[in-house]
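Since the structure comes first, as structure tokens, the remarks are kept for the end.
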Amino acid sequence: MGPTEPASLPVVAQLAEASRLGDRSATARLLSLVERGGDLADEVASATHSHTGEAHVVGITGAPGSGKSTITNSLTTLLAEAGKRPAVLAVDPSSPLTGGAILGDRVRMNDASGVGVFIRSMATRGHAGGLALAVPGAIRVLDAAGFNPVVIETVGVGQVEVDITDAADTTIVVVAPGWGDAVQANKAGLLEVADLFVVNKADRPGATDVSRDLELMLDLSTVPGRVGTERPSITMTTATEGEGIGELATAVAGHLELLSQGVELDRRRETRRIAEVRAHLDYLLGGAAEEVLATERLEPVQAFESPMMVARRLARRLAGQLLG
Amino acid sequence: MDDSHSTLSGIPLLPVYGEGPLPGEYPYTRGVHADMYRSRLWTMRMFAGFGTATDTNGRFKELLRSGSTGLSTAFDMPTLMGRDSDHPWSLGEVGRAGVAVDTVEDMADLFSDIDLGGVSTSMTINGPAAILLAMYMVVAEQGGVDRSRLAGTLQNDILKEYQAQKEYIFPPRPSVRLVTDVIRFTAAEMPRWNPVSVSGYHIREAGSTAVQELAFTLANGFAYIESAVAAGLNVDAFAPRLSFFFNSHVDFFEEIGKFRAARRIWARWLRDRYGAVDERSLKLRFHTQTAGVSLTAQQPDTNIARVALQALAGVLGGTQSLHTDSHDEALALPSEEAARTALRTQQVIAHETGVTAVADPLGGSAYVEWITDEVERRAEEVFSHLDEIGGGSILEGVYEGIQSGWFMGEIAESAYRFEREVNSGERIMVGVNAFTEGNDSSGTELLRVSQETEDDQCARLATVRSERDSEAVAGSLGRVVADATDPDVNLMPSLIAAVEARTTVGEIVEALEGVFGSYVETAVV
Amino acid sequence: MVDTGLPIRIVLAKLGFDGHDRGLKVVARMLRDAGMEVVYLGLRQTTDSVIKAVEQEDADVVGISMHNAGHLTLGPMIVAALDEAGLDVPVVIGGIVPDVDLPDLEAAGVAAVLGPGAPVDEVVSTVRAVAGLDGPN
């Protein structure tokens, strides 16, 4: 059972082996260990790292209500039916007050579940080390288990602890008439991160306006997509009807091909690795700083020492500790 | 009759007290008839249905013998969802919470030896409502009763399914087209039939407040009006036959205010916004059921008191028809004895309490008039919101509210708030969080439906399938599909032909799904 | 058992056609507010979709809501399906279940039953107990 049973290192190795051989329970347990963070998560990283690099990591983001889950459902269902082995990592926010969360993305992923897509829901909080560590670790577990592509669905840039662009090879931004339309997407900084745009709910009034607004903003933008001169394509979908999903799958595959032609894929993955190292570093330094703070008796009467001076003094001690 | 119009002490009573507008006068806040229950009591309609059609037929006859004046049919979950009893998902649900109907043969058994020209029948069904209406009509006409003589009500209110009860099949727009087809058909051929019972009951049971129940229900009513008018009907050709179905909950005066506000809002909107001129279009008539969700599994006998008070609120609010819940419903389907006690409760109110002697006896009470106004004001705020998100159309506003999960979110929020109040002890529920001495439900006799029912029903379905003309079935389904594809064609005639060929509910629904698609909800927790 | 302080993960679902999800939604919020991670599957789930979710989500508990008196059929069915999939995860049933059926459900391996209107404390402590975390928070 997740919260009660401490795993040991040999168990991690066994789980990693079983996961590679297709045991989905084992994959699920590894994901739980990654979510917990700490030493066991490091063990999982070591046990899975050498088997990664195959999966195309696709991020799907957009405003709540734009239809991300439905698109994820239709896209992965189509890919599974075409013989691929997609996995989904659906990230939802936790309650900041209680740490609890309602993870509801599976409601709209019945089709995908039915055709064998592996779906895992992940809450943003409650994981030691934070989501910035958990997401790359989870991708690694799914990659090592042979899932490809790995689709990460999140509520959007800036709203969770991890930017999807740090994690994905290809980032899809979903907009829909009335629900996070082009203007809102621009404000939210989504235009800069998109490799591909989807205008969902294309059957509704205003969908063509959204598409035109996007084109216009891309015309004016000085950041024309993430890959050099490549302008993001726009796919119109009605995900509830499955319309436009074939085109989207083609666009996603095309983007991977584009990335693979040059050095861009390697460059992105290197950036991702640096981001992950940075996250680990933040975590280590943050933890050490907390420890130093906890042992320091901050005397309120020592008025001659400003907060900045205290911090410098502690930082010197911290550096001594870390290096010593 | 005259002696019933004085008090027990012999004080003579007028039919109504107070200043105008009086009952029977626009905007009908005080009631739709001038002398209300003096001229005609409400219909005591008891909901029944379990097991096979033959089982329920026996219960119907028992209810008619004990003085019930209308029949109300509960269908089992597979039927409500438009699936046959042998569908894999039907396992464990056949005949459990209502009667199983797969083909017209089951409908014939259900009403066997009951004079369909002499009773009024209400059928609680939504997604496949048009198909069940077709079956009822075919059974009646085979028994020599012309469709024009049939009286009754089809719930046929699909919009509240997306908002609250979740028994939808197709997406909202084609579903509303089916509702509109039934409205067009009955307006032309079944003058005594109510094609839609716009229902707040389920919205309330799902956890809404009284104001939300009222506002969402009337908005759905406006939506059907807009849809039928868009289909070319004159509003006065069908509005008089739209009826409503409300919940009567425990907050006594708020409920009465809700019923009174409902009449006033409907009359004003129909006259001013939809241009109705026939007085009958302006009069909101409604059925009431006491609040199932207010019944407790703890100390179930206490529910008799709750039901009596809620029923009284319905009567003081001017209901046209009433169902009283059985006190054992929090535990299981109602037993025959509990159902009888529930009916007796209505009879006590009708014949012993004297509340029927004077129309709208609470009219003019400062509190009752104020709460009526306040409930109305709050409902109008909801209409403004829907009008706005619908771009000046309530129908479009309702579609948008469904699509975006707005209705569900509002209801879920209210339900959770109520639960928290009960949990914190802020709100007292007798026997639940206070006065819990003597909590024990083991003494109550419960009705059980056996697994054999399911097996029997599946066997019966297999027999019908093997004996019918399969070419006729296939042909009838082809016509259903062709008619469904053309939005201007009324589907009723092809549905009637299909059920005559003994095509099953599930087969027809699957054929329609091929054209309309299926609905998956936007989850709002 | 050791309380690691990590959130309990619970899968919540309704099987079959029954559309009465008020109770399931209220329970989802109760458990979220008690700090749990609720994987909400919602309406019209099959044994297969529940099993897949329990496995992939590495759930600690599965909660099934039913209101149509089908508990004697569906309750044991889901327990058996979990067993068959090799998942040792306790099943909690919520809804209208008469007392006389409790021994049958217990014998079939259902871990706990929550009646309609069960107060939040009972819901939370029941889920914690079947997940192996006894006692108050």
Of everything in the stretch B:51-65 that's over 16 Å from B:THR103 (Cα atoms) and open to solvent by less than 30 Å² (accessible area, probe 1.4 Å), which residue is modelled with the lowest pLDDT?
B:LEU63
Qualifying positions in the stretch B:259-287 - out of contact with any Ser or Thr (no Cβ under 7 Å at 6 or more places or on another chain) and not in a helix (DSSP H, G or I):
B:TYR274, B:GLY275, B:ALA276, B:VAL277, B:ASP278, B:LYS283, B:LEU284
Run down A:ALA112, A:ALA138, A:ALA80 and say which single residue is assigned to a helix (DSSP H, G or I) and surrounded by fewer than 22 Cβ atoms within 10 Å (Cβ to Cβ).
A:ALA80
Since C:ALA34 meets every condition but one in (1) surrounded by fewer than 24 Cβ atoms within 10 Å (Cβ to Cβ); (2) more than 7 Å from every other protein chain (Cβ to nearest Cβ), which condition does it not meet?
(2)
So for the stretch B:463-486 (the condition being open to solvent by 60 Å² or more (accessible area, probe 1.4 Å) and in contact (Cβ under 8 Å) with a residue 60 or more places away in the chain), does at least one residue qualify?
no
Take the residues in the stretch C:104-137 that are among the small types (Gly, Ala, Ser) and over 17 Å from C:MET36 (Cα atoms); name whichever of them is most open to solvent (accessible area, probe 1.4 Å).
C:ALA107
Only listed residue being of a type in the set (D, E, K, R) and open to solvent by less than 40 Å² (accessible area, probe 1.4 Å), chosen from C:ASP88, C:ASP101
C:ASP101
Within the stretch B:301-337, take every residue that is open to solvent by 10 Å² or more (accessible area, probe 1.4 Å), within 19 Å of the chain's Cα centre (by Cα) and within 14 Å of another protein chain (Cβ to nearest Cβ) and give me the one that is modelled with the lowest pLDDT.
B:LEU333
Residue check for C:ASP83: at the interface with another protein chain (Cβ under 8 Å from one of its Cβ atoms) and among the charged types (D, E, K, R)
no
When the stretch B:187-207 is examined, which residues are found to be more than 26 Å from B:ASN490 (Cβ to Cβ), touching a residue at least 60 places away in the same chain (Cβ under 8 Å) and in contact with an Asp or Glu (Cβ under 7 Å, 6 or more places away or on another chain)?
B:ILE203, B:ARG204
Would you confirm whether any residue within the stretch B:506-524 is within 14 Å of chain A (Cβ to nearest Cβ), without any contact (Cβ under 8 Å) to a residue 24 or more places away in the chain and open to solvent by 10 Å² or more (accessible area, probe 1.4 Å)?
yes
Restricting the stretch B:88-111 to residues that are in a helix (DSSP H, G or I) and within 12 Å of another protein chain (Cβ to nearest Cβ), which is least open to solvent (accessible area, probe 1.4 Å)?
B:SER90
Hey, does the stretch C:67-76 have a residue that's modelled with pLDDT of 95 or more, buried (at least 17 other Cβ atoms within 10 Å of the Cβ) and touching a Leu at 6+ places or on another chain (Cβ under 7 Å)?
no
Determine which member of the set B:GLY58, B:GLY67 is in a loop (DSSP other than H, G, I, E, B) and either free of Cβ contacts under 8 Å to residues at least 12 places away in the same chain or of a type outside the set (Ser, Thr, Tyr) (or both).
B:GLY67
Within the stretch B:427-457, of all residues that are under 32 Å from the mean Cα position of the chain (by Cα) and farther than 23 Å from C:VAL100 by Cβ, the one modelled with the lowest pLDDT is B:ASN433
Tell me, which helices (runs of 4 or more DSSP H) wholly within the stretch B:394-499 include 2 or more residues that are within 12 Å of another protein chain (Cβ to nearest Cβ)?
B:394-403, B:406-424, B:451-467
Residues in the stretch B:338-355 that are open to solvent by less than 10 Å² (accessible area, probe 1.4 Å) and charged (D, E, K, R): how many?
0
If I go through the stretch B:369-410 residue by residue, how many of them are surrounded by fewer than 18 Cβ atoms within 10 Å (Cβ to Cβ) and within 19 Å of B:VAL32 (Cα to Cα)?
2
From (1) more than 11 Å from every other protein chain (Cβ to nearest Cβ); (2) at pLDDT 90 or above, pick out the condition that doesn't hold for A:THR61.
(2)
Failed item, numbered, when C:ARG44 is tested on (1) closer than 26 Å to B:TYR416 by Cα; (2) modelled with pLDDT of 90 or more; (3) of a type in the set (Lys, Arg):
(2)
Any residue in the stretch B:243-257 that is in a helix (DSSP H, G or I) sitting within a Cβ distance under 6 Å of a residue that is among the small types (Gly, Ala, Ser)? List the pairs, counting only those 6 or more apart or interchain.
B:PHE252/B:ALA313; B:GLU254/B:ALA210; B:GLU255/B:SER248; B:GLU255/B:ALA313; B:ILE256/B:ALA313; B:ILE256/B:GLY317
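For every residue, the table says whether it meets (1) in contact with a Ser or Thr (Cβ under 6 Å, 6 or more places away or on another chain); (2) within 11 Å of another protein chain (Cβ to nearest Cβ); (3) more than 23 Å from A:HIS255 (Cα to Cα).
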{"site": "A:ALA45", "(1), (2), (3)": "no, no, yes"}
{"site": "A:SER50", "(1), (2), (3)": "no, no, yes"}
{"site": "A:ALA55", "(1), (2), (3)": "no, no, no"}
{"site": "A:ILE71", "(1), (2), (3)": "no, no, no"}
{"site": "A:LEU79", "(1), (2), (3)": "no, no, no"}
{"site": "A:ALA82", "(1), (2), (3)": "no, no, no"}
{"site": "A:ARG85", "(1), (2), (3)": "no, no, no"}
{"site": "A:LEU97", "(1), (2), (3)": "no, yes, yes"}
{"site": "A:ALA101", "(1), (2), (3)": "yes, yes, yes"}
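The values are calculated or read from the model by the stated rules, or taken from the named source; none is laboratory data. Since the structure is predicted, the reported quantities are computational estimates derived from the model, not experimental observations. Glycine gets a Cβ as well: all are built from the backbone with ideal geometry, and neighbour counts include every protein chain shown. Remember, those area values only see protein heavy atoms, side chains included, never the ligands or the DNA or RNA. Shrake-Rupley method; radii C 1.70, N 1.55, O 1.52, S 1.80 Å.
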